[in-house]
Structure formats: C-alpha cells, structure tokens
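Q: My structure is below; once you've seen it, I'll send some questions.
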Amino acid sequence: MASVPRPDPAWLHHAATVGVEGIADAVLDACAVEGRVAAPSSQRILVSEPLGGWANPRLLGWLHEWASSSAERNDRGAHYTPPDFAAAVVDAALDGWELPVFTVDPACGGGVFLLEMLDRLVASGVAPADCVDRVGGIEIDRGAADVASMAIRAWQLQHGVAAPKPAQIAVMDALERWPGAWPDPGLVIGNPPFASPLKSGAIPEEAAAYRNHHSEVLGPYADLAAIHMWRASQVLHDGGRLAFVAPVSIINARDTGRMWERFEAEADAISVLIPESNPFDASVRVFVPVFEIRRQPASGRRSLSRAVGEAIGLPPLPIAEGAPTLATICTATSGFRDEFYGLAEAVEEENLQATELRKLVTVGSIDPLTCTWGVSPLRFAKARWNRPVV
C-alpha cells in the first residue's frame, strides 16, 4: 500500500466540530467518483478538503480517533494504529506466506488493519466485490464499529463496487465470543487494548474473568494485551498466524511466562517487528510478534526470544548443557512498595567528590548486552535522573 498522508492537526481539529457523520458523505461521494460508480456531488460541507483529498476511507478512522480524548482512549487502553504502521504489521504477518482465506481483527477500531488486508487482496487479483467476504472485525465499541463499517463501504465504492456489501463487523467482546457463522480465520491480526492490572480499574471485569478462568496460563497481573493475545491464539488452527501489537513489557513479565511457554510448545515465532520509533500517541514501547500455530509436538521450535534476538540484531548464542546461569552468581528479588519507597528517599545524583555510592539502574536502563546508566536519562520516583546513585 502506498503511504497515506495523515491530515494535519488543524484540519482534524476543525473536522472534529462536525464529527465523522459530518464528513462521511464527502468521503463516500469522493470514493464513489474515484471508483466511477457515481457522478460528482454538488453538496458542500463546512470543512476544507484534507491533504490527499476526500477519497480516502482511512479519514474516518483518523477523525474518530481525534474526536476521542486522550483520557478516554487511555481509560479503554485503545491506541489507534497509524496506517503506515498497520501496513508494516501486515507485511510481517504475510512474509513468506500466502494470503489467508479469512482474516479477523478482534479489536478492529476504525478498521485500519481490515482496509490494509482489503488492499492486499485486491492487489493479488481478488475481485473487489469478493474481498469484503474475506475479512471480519470485532469491536466492543459501537461507535468505532460503525466507523469501520463505513470505511469498508467507502473502500468498496473506491474500487468500483456499485452496490457495496455490508461489512462483517460484529459488535461484541472478543474475549467472550466470536461470530459463529464466520469461517475459521487463517490470520488474526490487530492492535488489542493495552492496560496493566497494576492500575486500579484498568482491566474490565469481563477480561479479568477470562484471565482468572485461564489462570493456568495467565497470571493475576497479566496485561490486557496478553489476555487478548491468548484468546486470539485459541481460535486459530494449525497453520494459522497471529500478529498482534503488544507492549514490550509483556515479554519478560512474570505473569505472562506460562503463556510464552505454551506458545513455544504450540507455535513457531516466525518473526518480531520492533518499530524504530513509537507509532502511537502513548508512552508505551511496542513490538509485534508473528506466531504460526503448530500444536503437534515438534522439536526445534522457533522461540520468541530467538525471534526478538534476530529483530534487534543479536547473534545466536548456543548455551552448553549444564552451563552456569545467573542464579549461580547472584540473587534477585522484586517488590512493589517497600523497595520503591526505601530507594526513593535515598536516591541522589552522583557527586564525584562524595563517598562512592551504588548506581541505581532501572529496568529501562537495561538493554541486551548493554546498560545505558549515565548515558541516557531515566525516570524514577516521578523525577528525571542523569546518574542516579543510592
């Protein structure tokens, strides 16, 4: 897919005064004209034409996101995916693989991943009128679901479908159920909501109930994204693929450890996409693991750690059986309150004239084969530090 120009903030701010419904007709009409299924309309709206023109189905999702406040999106853990990043995720999911018969995004928002898959289908030679039958979206928020449906209608008009089919968008909680009439998906892709249970009220009751029901895989502090990832993996049959945007914090989280063990036993980690910069309007680092389900027992599985290592350029390091581990040279502990408050009162910036103190190294300062303490600033106890010591 060619790069889609993002409307500038001034245009989005102005368009938000009329809302998605206010620009929908302009988008649909322009797409129909481009698809040669309608003549130009004489209607006018009180919003100037955006960069790239009105014939852009993705405008609807962009405006829907812009019209939602940051606080509202954070409360729902919803961080909408920029189209260029969605294209990169689809590239990773389809690498070395044929197009699936049916693709599902179980947290589809405004439909950006579904639009990307539609583009890939039509580029492969599938008739535009048939493409919509090969994608489905699930969305718990009816407003977002309506936007996705409208965007897919606009896409069909843009591709010359005079009588667009209804989009397969189901308004429901993907953790509870999926539409029974849909075909089995070959690919599950998307950007599920992120939320840490350490933040009070961040995990919806339904998600907590699902996590508790699957406590053999998901620990009590598993992130909402991990809960959705596990649920999606259970829908796929052998040979199916899963590609989900997720916070990097779930890679080494204690309460997702058993989930990764199950993935390692039942799937191959085909690849991991790590964006060079944060694609979201949120202070969260993300990655995209691509798994291919293989539930039959097999040796030589591709593990997530191997795929992550390849993504960041780490060479494979074979470990001899019986080699010493970290546990032979150190101990580790963790805590939430005592350790934090004890250190918060004692931390200070390094003073080379003072008695030598111990460096305070946070998790954010530890990267593979390197420590960025003293090189990059870090945050601790609601403050910014350059060379913190205790």
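Q: Roughly how many Å is it from the Cα centre of the range 14-37 to that of the range 211-245, as a whole number?
A: The range 14-37 and the range 211-245 have Cα centres separated by 37 Å.
Q: Pick out, from Ala30, Gln234, Trp385, the residue whose Cα sits farthest towards the positive end of the charge dipole of the chain, with +1 on the Cβ of Lys and Arg and -1 on the Cβ of Asp and Glu.
A: Farthest towards the positive pole: Trp385.
Q: Which length gain, in nm to one decimal place, applies between Glu310 and Asp367 when the Cα-Cα distance is subtracted from 0.36 nm times their residue separation? Working shown, then result.
A: Values: separation 57, 0.36 × 57 = 20.52 nm, distance 1.44 nm.
So the extension gain works out to 19.1 nm.
Q: Could I ask something else about it? Of all the Cα-Cα pairs you can form in the range 82-205, what percent are over 23 Å apart?
A: On the way: 2302 of 7626 pairs.
Tail of P(r) above 23 Å: 30 percent of Cα pairs.
Q: For the range 243-367, treating each Cα as an identical point scatterer without solvent, what Debye log10 I(q)/I(0) comes out at q = 0.11, 0.14 1/Å?
A: Debye output, listed in q order: -0.59, -0.89.
Q: With unit charges on the beta carbons (Lys and Arg positive, Asp and Glu negative) and the dipole taken about the Cα centre of the chain, which residue among Thr325, Leu314, Ile366 sits farthest to the positive side?
A: The one lying farthest along the dipole's positive direction is Thr325.
Q: Stretch His214-Glu176 to full length: gain in nm at 0.36 nm per residue minus the Cα-Cα span? Provide the component values of the computation, followed by the final result.
A: Working: separation 38, 0.36 × 38 = 13.68 nm, distance 1.28 nm.
Roughly 12.4 nm would be gained on extension.
Q: Averaged across orientations, what area in nm² does the convex hull of the alpha carbons in the range 136-210 project? Please list the in-between numbers first.
A: On the way: hull surface 26.0 nm².
The orientation-averaged projected area of the Cα hull of the range 136-210 comes to 6.5 nm².
Q: What is the list of residues in the range 347-390 whose amide nitrogen lies under 14 Å from a point 7 angstrom out from the Cα of Ile329, following Cα to Cβ?
A: 369-370
Q: If each DSSP helix of 4+ residues adds -39,500 (n - 2.57) and the sum is divided by the residues in the chain, what number results at 222 nm, nearest 500 deg cm²/dmol? Each step should come with its number before you reach the end.
A: Values: 13 runs with 129 residues, N = 390.
Calculated mean residue ellipticity at 222 nm is -9500 deg cm²/dmol.
Q: If you take the square roots of the eigenvalues of the alpha-carbon gyration tensor of the range 1-50 and sort them as a ≥ b ≥ c, do you get rounded (a/c under 1.5), prolate (a/b over b/c) or oblate?
A: Numbers: a/c = 2.51, a/b = 1.26, b/c = 2.00.
Cα axes put the range 1-50 in the oblate bin.
Q: Based on the mean of other Cβ atoms within 10 Å per residue, sort peptides 7-16, 51-60 so the most packed one is first.
A: Sorting 7-16, 51-60 by mean packing, highest first, produces 51-60, 7-16.
Q: On to the next question. Which loop-located GluC sites (Glu not before Pro) does the range 180-247 contain, where loop means any DSSP state but H, G, I, E or B and the Cβ has at most 14 other Cβ atoms within 10 Å? Could you put the intermediate results ahead of the total?
A: Working: sites: Glu205, Glu206, Glu216; in loops: Glu216.
When the GluC sites (Glu not before Pro) of the range 180-247 are filtered for loop state and at most 14 Cβ neighbours within 10 Å, Glu216 remain.
Q: Answer rounded, prolate or oblate for the range 111-173, using the Cα gyration tensor with square roots of eigenvalues a ≥ b ≥ c: rounded when a/c is under 1.5, else prolate when a/b is larger than b/c, else oblate.
A: prolate
Q: Rg to Rh ratio, the range 78-311, alpha-carbon atoms and Kirkwood radius? Display every interim value, and only then the final one.
A: Working: Rg = 17.1 Å, Rh = 18.0 Å.
For the range 78-311, the value is 0.95.
Q: Quick one: divide the alpha-carbon radius of gyration of the range 304-386 by 2.2 N^0.38 Å and tell me what you get. Kindly include the intermediate steps, with their values, before the conclusion.
A: Values: Rg = 16.7 Å, N = 83, 2.2 N^0.38 = 11.8 Å.
Expressed relative to 2.2 N^0.38 Å, the Cα Rg reads 1.42.
Q: Nothing charged except the Cβ atoms of Lys and Arg (+1) and of Asp and Glu (-1): what's the magnitude of the dipole of the range 327-389 about its Cα centre? Round to the nearest 20 debye.
A: Values: 7 positive and 8 negative charges, 38 e Å.
Result for the range 327-389 is approximately 180 debye, rounded to the nearest 20.
Q: Helix 142-158 versus the longest principal axis of the chain: what angle, 0 to 90°, nearest 10, using Cα atoms?
A: The helix 142-158 is inclined about 50 degrees to the chain.
Q: Hand me the GluC sites (Glu not before Pro) from the range 345-390 located in a DSSP loop with no more than 11 other Cβ atoms within 10 Å, in residue order please.
A: Values: sites: Glu345, Glu348, Glu349, Glu350, Glu356; in loops: Glu345, Glu350, Glu356.
Those that pass, being in a loop and sparsely packed, are Glu345, Glu356.
Q: Hey, another quick one. Roughly what % of Cα-Cα distances in the chain sit above 30 Å, to the whole percent?
A: Values: 35637 of 75855 pairs.
Here the long-distance tail beyond 30 Å is 47 percent of all Cα pairs in the chain.
Q: Here is a follow-up. Order of 126-138, 249-261, 142-154 by packing, highest average Cβ count within 10 Å first?
A: Details: 126-138: 19.4, 249-261: 17.2, 142-154: 23.2.
Taking the mean over residues of other Cβ atoms within 10 Å, the ranking is 142-154, 126-138, 249-261.
Coordinate-derived values only; no laboratory data. Just so it is clear, the structure is predicted and the values come from calculations on it, not from any experiment. Backbone-built Cβ (ideal geometry, glycine too); neighbour counts: all protein chains shown.
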